[in-house]
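Below is one structure, written out as structure tokens, with a few remarks after it.
The values are calculated or read from the model by the stated rules, or taken from the named source; none is laboratory data. Given the structure is predicted, the values throughout are model-derived calculations rather than measurements. All Cβ positions, glycine included, derive from the backbone under ideal geometry; neighbour counts span all protein chains shown.
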Amino acid sequence: MAETPRWAAEQFWKKVAIWVTAVSFLVLIVLTFDSLSKTSAGTSRVPSYSVINKHIGYTFDDRLNRYQPVIGQDEPLFNEVLSEAAAEHLVTLGKKTIQAKNCMNCHTLLGNGAYYAPDLTKAWLDPAWGDEKTREGLMLAFLQDPEANARTYGTGRKMPKLGITEAEARGIVAFLKWMSSIDTNGFPHNFKTAEEE
Ligand code: HEC
């Protein structure tokens, strides 16, 4: 009787399965740390939280052929310069409120979520908030009572009142400002700021 070739033996495929699983597991660990190092605040594409003390612009980069956030001169949010820790605290309050109120049920953030309402990644830079000086106030008012401050350009859709306190709204505005400073490779495509129109 001819001997079973090595590649046809059950033992061989068991070993292959163990090796493939082990190597994939290692690759997954490496990729996890690699992603964390690129998506944590304070890295090249994701600014640290104290960026909310600065002006955030959005200009078209001819070389990259896409819009890029540009961090400019001092422009503290709510006229108060925050330390890195205080800024992180405020942005975290915003993030937790956004999670607690499930904004992703209607909106997308960095592309994740639902498609009923606009993506919020660059909402801070939305020209509809008008003048940069009025923006903070309009956002605070809108978040606390969207019905009374409805914007609904063209869509006819309205955001419901979600019982957000002023402190929580300030956190959300800080979160939105910080998120707008993230270099998202031009996402969302076709988003334009007032300066660009
Ligand atoms: C039931 C759906 C719904 C939920 C939940 C919801 N929104 Fe909205 N939101 C909308 C709609 C619809 C609009 C657009 C209408 C408008 O602007 O008046 C909007 C508009 C906005 C805008 C203006 C967007 C821009 O481009 O400038 C912001 C900011 C915003 N929502 C933030 C939030 C936050 C933060 C939460 C969670 C606390 C939230 N929304 C939860 C439906 C929702």
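If you go through the stretch 74-94 one residue at a time, do you hit one that is touching a helix residue (DSSP H, G or I) at 6+ places or on another chain (Cβ under 8 Å), aromatic (Phe, Trp, Tyr) and more than 29 Å from Asn190 (Cβ to Cβ)? Give the derivation first.
First, the residues of the stretch 74-94 that are touching a helix residue (DSSP H, G or I) at 6+ places or on another chain (Cβ under 8 Å): 74-78, 81-84, 87-88, 90-94.
Next, only the ones that are aromatic (Phe, Trp, Tyr) stay: 78.
Still in the running and more than 29 Å from Asn190 (Cβ to Cβ): 78.
The answer is yes; a qualifying residue exists.
Quick test for you: out of Val91, Val46, pick the one residue that is of a type in the set (Val, Ile, Thr), assigned to a loop (DSSP other than H, G, I, E, B), closer than 13 Å to Lys177 by Cα and out of contact with any strand residue (DSSP E or B) (no Cβ under 8 Å at 6 or more places or on another chain). Break it down stepwise before answering.
Working: Val91 fails: assigned to a loop (DSSP other than H, G, I, E, B).
The match here is Val46.
Every condition in (1) over 30 Å from Phe78 (Cβ atoms); (2) surrounded by 10 or more Cβ atoms within 10 Å (Cβ to Cβ) is met by Gly42 except one, and the failing one is (1). If you go through the stretch 126-146 and keep only what is within 9 Å of the ligand (Cβ to nearest atom) and either crowded, with 18+ Cβ neighbours inside 10 Å or not assigned by TED's automatic domain parsing to the domain that holds Ser180 (or both), you end up with Asp126, Trp129, Met139, Phe142, Leu143. In the stretch 158-189, the residue that is surrounded by the most Cβ atoms within 10 Å (Cβ to Cβ) out of those that are within 18 Å of Trp129 (Cβ to Cβ) and not hydrophobic (A, V, I, L, M, F, W, C) is Lys177. Residue pairs whose Cβ atoms lie under 8 Å apart, separated by 6 or more positions or on different chains, with the first residue in the stretch 129-151 and farther than 19 Å from Lys101 by Cα and the second near the ligand (Cβ under 7 Å from one of its atoms) and basic (Lys, Arg), do not occur.
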